[in-house]
Protein chains: 2
Amino acid sequence: MSDLRSVFAALSDETRFDIVERLMKDGELPAGDLVSDSTISGPAISRHLKVLREAGLVEQRAEGTRRLYAVRPQALKTISDWTIDHRAFWEVSLNRMAAALEAEEDICPTSD
Amino acid sequence: MSDLRSVFAALSDETRFDIVERLMKDGELPAGDLVSDSTISGPAISRHLKVLREAGLVEQRAEGTRRLYAVRPQALKTISDWTIDHRAFWEVSLNRMAAALEAEEDICPTSD
DNA sequence: CCCTTATTTAACAAATATGTTAAATAAGGT
DNA sequence: ACCTTATTTAACATATTTGTTAAATAAGGG
């Protein structure tokens, strides 16, 4: 799977999305902390972390018996770059829509 | 599923990702054109289009017997906004990594 | 060396996703 | 009304995903 698509696949799952947001907020955390936060089992979290690792969304570092996980900023940049690559399409479209809305207001103004 | 996560889920599939890129490149297209471009069956494409619609990634417009599909720019903006919301995390991290790399170069310079 | 803690792997069941073909629906032309 | 074209829905098989519990692995302490 392409880098970008596997990143999207990884983030489409709620558990994994929450893990990524948590790691961005709190920084590097041991797997155990992510398990305690979650309602699902350790093995399930462990497999989610593997999916995130394989998608390049997180990296793992050993410290004694613990495994510390952190978000790889490059993965976020990959997504950002994709939106930027297509900005010409969507930003222009949104502006045009806003303008059309304004023009409509002139014809049939609302309370605000 | 949250808006953002269902957008990610929709884009994690290659067929759907390709459809979205095609529609951004060429603009509004009838379902039939998307079928002819693809190696998979009409019904399969039709179901992919439904997933994209339900995720808010595309919108459908009827014109006679044809159904014209187009990417909804808001969906792209939703993704862009998410990366921007977290830019403080990933951009700073990347800069720090670049700086660390530079510092290392000073200690053990390479051929370039 | 054994015990505890931290984490992953294995084995399996249930749910979800994706493709296929055949049938249904809808619009338009003759 | 009937036929053609465009698209979707239905029914079904298969593959993938995701959760569970039990067992395996790895590091460190006594």
Q) Could you sort B:MET97, B:MET1 by accessible area so the largest value comes first, with the probe set to 1.4 Å? A) B:MET1, B:MET97
(Q) Compute a Gaussian network model of chain B, connecting alpha carbons closer than 10 Å, and tell me which residue from B:ALA99, B:ALA44, B:ALA31 fluctuates the most. (A) B:ALA99
Q) Principal axis lengths of the protein assembly as shown from Cα atoms, whole Å, largest first? A) 66, 49, 37
Q. For chain A, what is the charge dipole size about the Cα centre, in debye to the nearest 20, if Lys and Arg each add +1 at the Cβ and Asp and Glu each add -1 at the Cβ?
A. 920
Q.
Can you list the copy-to-copy distances for A:ASP81, using a point 7 angstrom from Cα toward Cβ, in nanometres, shortest first?
A. 2.5
Q: Once you have the Cα-Cα distance between B:ARG53 and B:ASP18, take 0.36 nm times their residue separation minus that, and quote the gain in nm to one decimal.
A: 11.1 nm
Q. Length gain on complete extension for the stretch B:VAL35 to B:ALA98, per 0.36 nm per residue less the alpha carbon to alpha carbon distance?
A. 18.2 nm
Q) What is the distance in Å between the Cα centres of region A:1-43 and region A:68-95? A) 19
Q) Rounded to two decimals, what ratio of Rg to Rh does region A:30-73 give with C-alpha atoms and a Kirkwood Rh? A) 0.95
Q.
What distance in nm lies between label points placed 7 Å from Cα along the C-beta direction at B:ALA44 and B:ILE84?
A. 3.8
Q) Which whole number gives the average, over all residues in A:24-31, of C-beta atoms from other chains lying within 10 Å of the residue C-beta? A) 1
Q: On a 0 to 90° scale, report how tilted helix B:73-85 is relative to the longest principal axis of chain B, with both axes built from alpha carbons and the result rounded to the nearest 10.
A: 20
Q. What is the calculated FRET efficiency for B:ASP3 to B:THR65, with r their C-beta to C-beta distance and R₀ = 25 Å, to the nearest 0.05?
A. 0.20
Q) Nearest 20 debye, what's the magnitude of the dipole of the protein assembly as shown about its Cα centre given +1 on Lys and Arg Cβ and -1 on Asp and Glu Cβ? A) 900
Q | 10 Å Cβ neighbours from other chains, averaged over peptide A:80-87 | A | 5
Q. Between A:ALA99 and the same site in the other copies, what are the distances in nm, shortest first, taking label points 7 Å from Cα along the C-beta direction?
A. 4.2
Q. Where does chain B land on Rg/Rh, using Cα atoms and the Kirkwood Rh?
A. 1.22
Q) What is the average number of partner chain Cβ atoms found within 10 Å of a Cβ in A:4-12? A) 6
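The values are calculated or read from the model by the stated rules, or taken from the named source; none is laboratory data. Keep in mind that this is a model prediction, so the values were computed, not measured. When we count neighbours, we look across all protein chains shown, and the Cβ atoms used for this are built from the backbone with ideal geometry, even at glycine. Ligands, DNA and RNA are stripped out before the accessible areas are found, and what is left, the full protein with its side chains, is counted by its heavy atoms. Shrake-Rupley method; radii C 1.70, N 1.55, O 1.52, S 1.80 Å.
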